[in-house]
1. Show me the ranking of peptides 83-89, 578-584, 240-246, 196-202 by mean Cβ neighbours inside 10 Å, starting with the highest.
2. Once you charge only the Cβ atoms, +1 for Lys and Arg and -1 for Asp and Glu, what is the size of the charge dipole of segment 591-735 about its Cα centre, to the nearest 20 debye?
3. Between Thr689 and Ser26, what is 0.36 nm times their sequence separation minus the Cα-Cα distance? Round to one decimal in nm.
4. For segment 300-308, in order, what is each residue's ³J(HN,Hα) by Karplus, 6.51 cos²θ - 1.76 cosθ + 1.60 with θ = phi - 60°, in whole Hz (x at glycine and Pro)?
5. Out of the DSSP beta bridges found with both residues in segment 353-456, what percent are antiparallel (nearest 5)?
6. Over the chain, what is the percentage of antiparallel beta bridges among all DSSP beta bridges, to the nearest 5?
7. So what's the net charge close to Val83: Lys and Arg +1, Asp and Glu -1, counting the other residues with Cβ under 11 Å from its Cβ?
8. Counting alpha carbon pairs within less than 8 Å and at least 6 residues apart, what relative contact order, in whole percent, applies to the chain?
Amino acid sequence: MQSCVRGEEWHAAPGPLKTRWTDSVSPTNDHPEYPRPQMQRSVWQNLNGLWEYAILPKEAAWSGTADGRILVPFPIESALSGVMRSVLPSERVWYHRTFEVPSSWHGKRVLLHFGAVDWETNVWVNGKKVGTHRGGYDPFTFDITDALKSSGPQDLLVSVYDPTDGEEGGLQPHGKQTLHPGGIMYTPTTGIWQTVWLEPVPSTYISDLKIVPDIDRAQLHLTVFVNGPTTGYEVEAQATEQDHVVARGVGAPNTELTLSIPDEKLWSPDEPFLYGLTVTLRNADGAVDTVKSYFGMRKISIGPDEKGITRILLNNKPIFQIGLLDQGFWPDGLYTAPSEAAMRYDLETIKRLGFNLLRKHVKVEPDVWYSLCDHLGILVWQDMPSASRPANLDPEMLAQRDQEFENELKAMIRTHWNHPCIIMWVPFNEGWGQFDTPQIVSMIKKLDPSRLVDNASGWTDAGVGDVIDMHNYPGPGSPKPEPHRAAVLGEFGGLGFAIKGHTWSQKSWGYQGLPNREMLTLRYAQLLQKVWQLRENPGLCAAVYTQLSDVETECNGIMTYDRAEIKMNPKIMTEVNQGKFDNVPPFPEPAVLTKTILWRYTTKSPGEGWFLPGFDDSGWKEGPAGFGTQGTPGAIVHTEWNTDDIWLRRTVDLNADLLKHPLLLIHHDEDVQVYINGVLAFEEPGFLTEYEVVPIRPEALKTLHPGPNLLAVHCHQTTGGQYVDVEFVGEASEVEKTAHAK
């Protein structure tokens, strides 16, 4: 392969955070793996490596002068690109390099493939424009044969326009990319971010495959798409098991043919068996083109279990899915993993920890990633990357925006529908850019009836599709199953814990912060205990925990962003993911169920210092906990409280055993502040629907001592039910023997 410059002249830009793979990336080993595992040819040329680049005004043409060199396929904003520069909606990125076509390819058509480029791509070869593509997540191909010179260096020029979420046209699908990163939105990816490669093919060649298993009939339905004149051509398909041919079929190009699979072996997370598949295109002269592929015999459907509860069925049997939300971001490569080994590490780790599902969140991965899931046995819910949809948009622009979304959605499905790992399409998340939901679901079902559709993950259900999906933070919770829709928990958890030295920035956040590994493990275990209870009643079928890794300022991953640390005790995490809770302490029972716990309280503002020791509360009322209104979810009311605010004080005698592992058991509706000996110990807005165990802030922990300790609480109510109760509890279990896993 020809390169613009020598590899030793390149180095990664100094980014905020490295991974263990960062320093091993170079122009000589830059994603060398074959990029299309389900349709492999033996001859190809990888164009990854060093290219020239320039960032110019959007309307400017390529000047021939480069700003520098970039390592393709890493996004220009990433450290591994060597550039790490933002691109504005008013700018365009240009890529330039040369390559040579091997002499052995003479007489062949030459295809130029792009794994993915975000967003609008124009390509020239030797000054001749060979094509334009719109879409940031789907692979595309140009036949560049007619633009090639007979020999010598060939000139390749690529321009990319990507407005991300900018006001200047940022209506295309872009997922969680933003020009202003923060919170749940992250650094953008502009330009080439997946492998670029060349491939020689005959004048009539295999362009695509559609593989549909039918386990009920032990058959494989296969369509071999052929580009070019097909008169006098036929296709032959052979299914193999360990290189032994088990089925064979012959038919016409572009027409479905059926292979009967004897003694079929089914694909599942426990046994991800894959058959080999060889497809050959022939004419009177013999074999013209051959590709290698594979397939899994599996079925995904909805149906009742033995109790009549609607379940997700894998191979006609209920399967309970415990999964992770996977954003698909990397601190060094952003959208692009530093290597195939890095992708494999993520997947092997979550498999080892007892997860069987990933929800690929508003992002699409390279084909290699899905192939790894196929081989490892990991189920995938595939989100469509979301797109902005302003309410005040001009009708014509709105129609164009919606059409672009549909085009890219169809492209995503068509380019990924052969992977057995993908069991469900998710077109919308939490209402982001959501529109015409019944029509979109119908379109997906017609395009791919072999998979489930989650019409909207989150809070904007339209009553269609195969599942009803809720998000609940921290949760968990479950919608009620319907006769023809299964109940799933599309997001929950988000427990936050930042590990110093492994963060993207000084500031980080999670949906509920925990102070250490021990508390994070305990809290996670308690959440999973409830998840498994929801499986039985009302009938939850899947739960997706947020999330696989920290991402930029989010610290709610089970791993750090650099993948250097697994934050929880791996043994406990694996056990609870599998529904085993022997090493998890039972959830403490609220004392108010069996005892009278008296508090001093007032519903009138008590003035400054009300939470301090020595404050005179003799004028306050006295009553038993809990305080609130009847009918509030999870409340155990012994004293009626129906005003906007309540302040409570109580002295609690603590013994040495409890002080070994002091925690708080709390239920609040709504905003609450808890003080211990005058120091803020816990604060949380919003409301709970049941009791939770929460940590005590370190500064308040320091004030605890054997004997009397002051507990002071303020709860503020705005609307709906209301309730508050707080008590000390202690924990000591295997959960707290947390291994510092690497």
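1. Highest to lowest by the protection proxy: 196-202, 83-89, 578-584, 240-246.
2. On the way: 9 positive and 21 negative charges, 84 e Å.
Once rounded to the nearest 20, the dipole reads 400 debye.
3. Here the segment from Thr689 to Ser26 would lengthen by 233.5 nm.
4. 10, 7, 10, x, x, 8, 5, 9, x
5. Given both bridge residues lie in segment 353-456, the antiparallel proportion sits at roughly 0 percent.
6. 80 percent
7. 0
8. 9 percent
Bear in mind that the values in this text are calculations on the coordinates, not laboratory data. Everything numeric here is computed off the predicted structure, so don't read it as measured data. Quick reminder, even Gly has a Cβ in these numbers, built from the backbone with ideal geometry, and neighbours come from all protein chains shown.
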